Amino acid sequence: MTRKARAPREDRPRAEKTATLSRPSPAVSAGPALARLEVRNLATIRELELDFAGGLSVFTGETGAGKSIIVDALGLLLGSRANTDLIRTGESDLLVTGFWNEHGDESSASRRLAAQGRGVARLDGEVVSVRELQEWAQTRLTIHWQHSAVSLLGPANQRALLDRGLPEQTGAYTHAYREWQEARARLERLRTGERERARQLDLLTFQAREIAEVAPLPGEEEPLQAELNRLANLETIAQSAAGALTLISDGEENALGFLGEAVRALNASARYDDASAALQQELRAALDSLQAVSGELRAVAEDGAADPEQLAHVEGRLGALGKLRTKYGPTLDDVLEFQAGVEEELAALTSDEQTAGTLDADVEALLDELRRVGAKLDSARQKRAAPLAAELLAVIRELGMPHARLEFRLSPLSEPALYGPSDVTIQFTANPGEDLAPLSDVASGGELSRVMLAISTVLGADTPAVVFDEVDAGIGGGAALAVAEQLHRLARSRQVMVVTHLAQIAARADHHFKVEKAVEEGRTVSRVRPLSPAERLEEIARMLGGNTSEAALGHARELMEGKEVKPSNRLKV
């Protein structure tokens, strides 16, 4: 669905002050850019509106100013878990809304959280699930949280870096693996379930035979029940027929006698009157019919006792049908439906039994195919590993680790796994003379952050906008300059936002925002505002030395002019 409508005005906060950008934005690659963020009642933010542009934007401020609140707001749009503790004290709800420019159109995403715990997500004003919001936002925005570098410690994430450029090989392997697993699981079920299958076969065979021996027919119970009722009441039926017979023919005065007299009475008039002749003819027909009925009544009257064999047959048939209904019913139609199901299950079990003999060979053939595809995947991984490691290492060394070494190592598995025939781990060392070891065992927090930044620079972010939340923690000196340079490079092709405490990074920004806290009416309020060139100079001076002395301002000015940033090898991004 194409969404173009801006979110309803009632869902947009009214800010006391709108943060705007006056500097022209550097060119970034085509893609939906985050143009505006509106926040209401989030933590210490009462109302806030921020306008964004491309390039590198930084957020700075005193310790404890709440710089990461902006990241928290964007995280809500990415579907992160919503905690009612985020709602500003005393308020009933919080609301975060983001606006993206997409090829000249504006799209919006918003998330509201109420103090009672209820939440509402919207895309272009339409209510959606949080999952839908997450899927939509994840194609537009990536956040590297302070702790997200830890994700590099997971083998799956290290493997994913290498496999990112191998979609054809990984897709073929995944398909082959699933086919092998399905066949193997079916064979395992057949082997481990032989006893249960035999028990089930016996039961189903008995049930099928029991029903087949009776051979029930649809709708046969009603006529059988009627016949049983007739046989059980033959004496009553005979007595009734005899009574009727007495009145019609056997009594001293009976209907046949009277009817015969009536016919004879019309003999004389029928000679002269056609109407009388016609009536006499009708009486004769009635007499014939009554004589026929009399004959049938006599047969019924004389049949006053049921045939024991016939009665036993009907009772036996109804009993057999009733037994089937009790076990497989409650109705005869249910019995017939059950019979069809039993026959279908029997056919499936019999087929499995026959298939078990050939399935083993199929599993082996699928395993051979999986190994063949897996060998191609590992070969492609090996081919990609060295160049990728070299690219990453070039950036990592620039980030203050000149002696670092890194490689992707493949370790064959005893049995193919879902992700491939081998484990993939990043081997790393930052110190000269040290052996390579798993990244998870030897890298410090600061080193992990720099490796993460190198990955983002070399491989690029997966989305048009990427946010770093103080990934520069623990970095300083020359490494800080290198980190700033890498972020600056990444911002040439992405919209990059960084929450930072480093003056070196702030000095390279295209747009600089300051997060401040103030007390209004006895309540703490956080504000975010863009800095003018003069204010930027003072903020960077404060970040460098904690004051705005002439020396600090001079140092900040030199840093902003790039005099302390040494040229470095340009990297293809």
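Computed with the Debye formula from one identical point scatterer per Cα of the range 355-445, without solvent, the log10 of I(q)/I(0) at q = 0.12, 0.15, 0.16 Å⁻¹ comes to -0.51, -0.68, -0.74.
When Rg and the Kirkwood Rh are both derived from Cα coordinates, the Rg/Rh ratio for the range 233-377 amounts to 1.61. Charge tally for L459 (other residues, Cβ to Cβ under 11 Å; Lys, Arg +1; Asp, Glu -1): -1. With the cut-off at 25 Å, report for the range 172-289 the share of all Cα pairs above it, as a whole percent. Across the range 172-289, Cα pairs with separations above 25 Å total 69 percent.
Over the range 494-550, the reciprocal of the mean inverse Cα-Cα separation, the Kirkwood hydrodynamic radius, stands at 12.6 Å. Label-to-label distance, R371 versus A534, with points set 7 angstrom from Cα along the beta-carbon direction: 7.7 nm. Annotation: per residue accessible area for the range 394-483 equals 37 Å², rounded to a whole number [probe 1.4 Å, protein chains only].
Number of Lys-Lys pairs in the chain with C-alpha atoms under 16 Å apart and a separation of 8 or more places or on different chains: 4.
Within the shell of other residues whose beta carbon sits under 10 angstrom from the beta carbon of F408, the net charge comes to +3, with Lys and Arg scored +1 and Asp and Glu -1. Only Cα sites of the range 110-220 enter the Debye sum here, all with the same form factor; the resulting log10 I(q)/I(0) across q = 0.15, 0.19, 0.22 1/Å is -0.95, -1.14, -1.18, listed in q order. With all pairs of separate Cα atoms included, the range 293-336 yields a Kirkwood hydrodynamic radius of 12.8 Å.
The residues of the range 89-246 expose on average 56 square angstrom of accessible surface per residue, using a 1.4 Å probe on protein heavy atoms.
The values are calculated or read from the model by the stated rules, or taken from the named source; none is laboratory data. As the structure is a prediction and not an experimental result, all values here were calculated from the model. Methodologically, a virtual Cβ is constructed for each residue, glycine included, from the backbone with ideal geometry; neighbour enumeration extends over all protein chains shown. Side chains included, ligands, DNA and RNA excluded: accessible areas come from the protein's heavy atoms. Shrake-Rupley method; radii C 1.70, N 1.55, O 1.52, S 1.80 Å.
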